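A short worksheet on the structure shown next.
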Amino acid sequence: MRSSSPTSSSDSYSPAVSTAPSTPPPGLAASFCLILHDASPAFLAALPVSKSSSDRVLLCRGAGPVKPLLSAAADLLGEKAILDDARWERVCAKDNDSEITYYTSKESISSIDEKPAVVLDAISCDSTPASHAAMLNLFSEAGLRSVVAFPSPAASLYVLERPALTFPLLSSTPSSALNPTANPYTMPSLDEFERGWAIWDLITSNMIPAELLHSKPIDLRHKPLFYIGHLPTFANILLSRLIKATPVGPRSYLTTFERGIDPSVDDPDHCHSHSEVPEKDEDWPVIEDVLAYRDEVRGRVIKRILGELESGERKLTRRLARTLMMVHEHDGFHIETLLYMLIQRAGTGMLPPPGFASPPWAALAAQWDATPAPSTPTVTLGPCTVTMGHDDQEPDDVLPALQHDVAAHEFGWDNESPPRAVEVGAFRVDWRPITNGEFEAFWRGAGKGVVDMPASWVLDEDEDEDGSGVQVRTLYGPVPMAYARHWPVLTAYDDLAAYAAHKGGRIPTEAELRLFLDTYQVGYEQGANTGFRHWHPLPATAGLEDVDGGRGSNGGVWEWTATALDAHPGFEGTGIFPGYSSDFFDGKHQVVLGASYATIPRLGDRRTVRNFYQHNYPYPWVGARVAYDV
């Protein structure tokens, strides 16, 4: 048995006497820990469960017998051996100074004739029931992730893995010399940068085979190799310019990788200012050189500056803090950009996310089919005044009274400020976004020939558009519509607006959607499907009056609004990254709000964040809900 903690011990017992030789059964394919008490994050973090492996924590919460729950887990995991009493041993340990007992699986059994010291039929769970959101937070803090849960009226069993990484709660942001108030929205820490780099490297180094580096999963975007060089170049240019230092790496990279593209969907030859890139694959830098450059920027630019700030060698200013925020959040936005590109090749070249268990689709779909419908179809909001934005004008950074006021400040992008009051009239709005199943019925029926098939779907090779072979794209490869029919549909604004009109409604304005999200949408810490808790959407859960007053998750997607991106009263464009917003004040880009399953919590939970995409661009992870005039 692996040692679980310095203070743990396992029961010993004497084997029963056998008069005949026996052959022990084969060992388990993975190690398991069975937890029955109110475990702390520290206890769970210390369990002998390997990262990115098949090892699993089986955590029971509530009161009742364990065996039935284990049976369900055994069926799912294909590990019937975990129902064998002889496979388990009892461990005594401490958790928060309390004596507790838990169970670990044995790596082998010396003889099938041994008398088991553990009798699963006699074991019950007796722990404090907790909300699903509370359990997700516990797992995040312990570096664990829920693969699937088996709920029952008395107790629930969570099957947990230790994935390649997890995102901590924003409320657990530690205080430091540079962030004494533990503000999650001030200058990002080195830990935040490194977590972002870890997820970026996981994607770029493990999900993109060499043959895809020069492919273009979406014609309207650069090839993946560009983005691997773009993120360090963005940091290299902005930070070197600010501290008046010579940029590191080859000078040619500063132009090749400087800025991405967002060409007009209607006329791809029309595009804002962007990098001129090589036309031939052989004229691009090789991946080994780009990765070495990435590491050089991280070490000699970002880490160097953060180290100098930590030591006091460099004075912290708002301007520098803002630039570091832009670098970090720019990374976060591009994690999603790259993934919504790559998903177009999922199952046909792109590799699934390593270090995260593949979803048990059939079991999850059965649970999703049982998701309760909203208590009522819509909710009425307004009239009221909604405050949009926050107080974060970039020109204020250089004011003598504010230039060193950093720790308590909430940073954002230029289109998030200043705060402004917007009057919202009374309106009704659907509790949940339009689902794949709802949109498929429209696409096959009243919308046939009017709307396109979403780019988030794919047809089976053996089916045509009149068949039943629609599948939904995931980062693990396409899955049957039957598995994903309750997820929010991801497609262009124009097509969702057509669906809304067919329903007698419309897409909500930005202020209307902001009001709904402020009132009923939960954040990462309340159980939202963001921050890579899953690598796919989930069914929305809002609208149950007896559950948190109707609050819930939208399933892990951004949402379209009927508001075009434009200047607003008091808008001041950024001078650090000129044109970030203003280049897209063209009447073609719609504001989107919310967060997807791949949005880092810092971006997903800051209510002032505004994203934007062209109204007829079908690829990003954006859905919509229907609003109605009152």
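The values are calculated or read from the model by the stated rules, or taken from the named source; none is laboratory data. Remember, it's a predicted structure, so these values are computed and weren't measured experimentally. Backbone-built Cβ (ideal geometry, glycine too); neighbour counts: all protein chains shown.
What the table below lists for this structure:
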quantity	calculated
Residue within the stretch 57-65 that is of a type outside the set (Asp, Glu), at pLDDT 95 or above, in contact with a helix residue (DSSP H, G or I) (Cβ under 9 Å, 6 or more places away or on another chain) and more than 17 Å from Tyr103 (Cα to Cα) present	no
Flag for Gly312 being more than 26 Å from the chain's Cα centre (by Cα), among the small types (Gly, Ala, Ser), at pLDDT 95 or above and buried (at least 18 other Cβ atoms within 10 Å of the Cβ)	no
Of all residues making up the stretch 513-539, the number that are under 18 Å from Arg428 (Cβ atoms) and either in contact with a His (Cβ under 8 Å, 6 or more places away or on another chain) or at pLDDT below 95 (or both)	0
For Leu399: the one exception among (1) surrounded by 19 or more Cβ atoms within 10 Å (Cβ to Cβ); (2) free of Cβ contacts under 8 Å to residues at least 12 places away in the same chain; (3) hydrophobic (A, V, I, L, M, F, W, C)	(1)
Scan of the stretch 43-53 for residues that are free of Cβ contacts under 8 Å to residues at least 60 places away in the same chain and touching a helix residue (DSSP H, G or I) at 6+ places or on another chain (Cβ under 9 Å), ordered by number	none
Residue satisfying all of: in the stretch 191-237; in contact with a His (Cβ under 9 Å, 6 or more places away or on another chain) and among the hydrophobic types (A, V, I, L, M, F, W, C); nearest to Pro163 (Cα to Cα) among these	Trp200
Test: residue in the stretch 153-166 that is at pLDDT below 95, assigned to a loop (DSSP other than H, G, I, E, B) and over 22 Å from the mean Cα position of the chain (by Cα)	yes
Residues of the stretch 507-533 satisfying the condition of being of a type in the set (Phe, Trp, Tyr) and closer than 15 Å to Arg607 by Cβ	Phe516, Tyr520, Tyr524
Selection from the stretch 372-386 of residues that are surrounded by 15 or more Cβ atoms within 10 Å (Cβ to Cβ) and at negative phi	Pro374, Thr378, Val379, Leu381, Val386
Enumeration of residues in the stretch 375-396 that are outside any loop (DSSP other than H, G, I, E, B), touching a residue at least 40 places away in the same chain (Cβ under 8 Å) and among the polar types (S, T, N, Q)	Thr378, Thr380
Residues of the stretch 431-444 classified as part of a loop (DSSP other than H, G, I, E, B) and among the hydroxyl-bearing types (Ser, Thr, Tyr), total	0
Residue within the stretch 219-231 that is over 22 Å from Ala407 (Cα atoms), buried (at least 19 other Cβ atoms within 10 Å of the Cβ) and under 18 Å from the mean Cα position of the chain (by Cα) present	no
Matching helices (runs of 4 or more DSSP H) fully within the stretch 445-530 where at least 3 residues are surrounded by 22 or more Cβ atoms within 10 Å (Cβ to Cβ)	493-502, 510-520
Among (1) among the basic types (Lys, Arg); (2) crowded, with 20+ Cβ neighbours inside 10 Å; (3) assigned to a strand (DSSP E or B), the one test that Arg428 misses	(2)
Test: Thr186 is assigned by TED's automatic domain parsing to the domain that holds Lys315, in contact (Cβ under 8 Å) with a residue 24 or more places away in the chain and under 30 Å from Ala407 (Cβ atoms)	yes
Residues that are buried (at least 21 other Cβ atoms within 10 Å of the Cβ) and not in a helix (DSSP H, G or I), drawn from the stretch 410-423	Phe411, Gly412, Trp413, Ser417
Pairs with Cβ under 6 Å, 6+ apart, first in the stretch 474-485 and under 9 Å from Ala365 (Cβ atoms), second assigned to a helix (DSSP H, G or I) and of a type outside the set (S, T, N, Q)	Val479/Trp361; Tyr483/Trp361; Tyr483/Ala365; Arg485/Gly437
When residues of the stretch 116-146 are limited to those that are among the β-branched types (Val, Ile, Thr) and in contact with a helix residue (DSSP H, G or I) (Cβ under 9 Å, 6 or more places away or on another chain), the one surrounded by the most Cβ atoms within 10 Å (Cβ to Cβ)	Ile123
Subset tally (residues that are of a type in the set (S, T, N, Q) and at pLDDT below 95) for the stretch 137-152	1
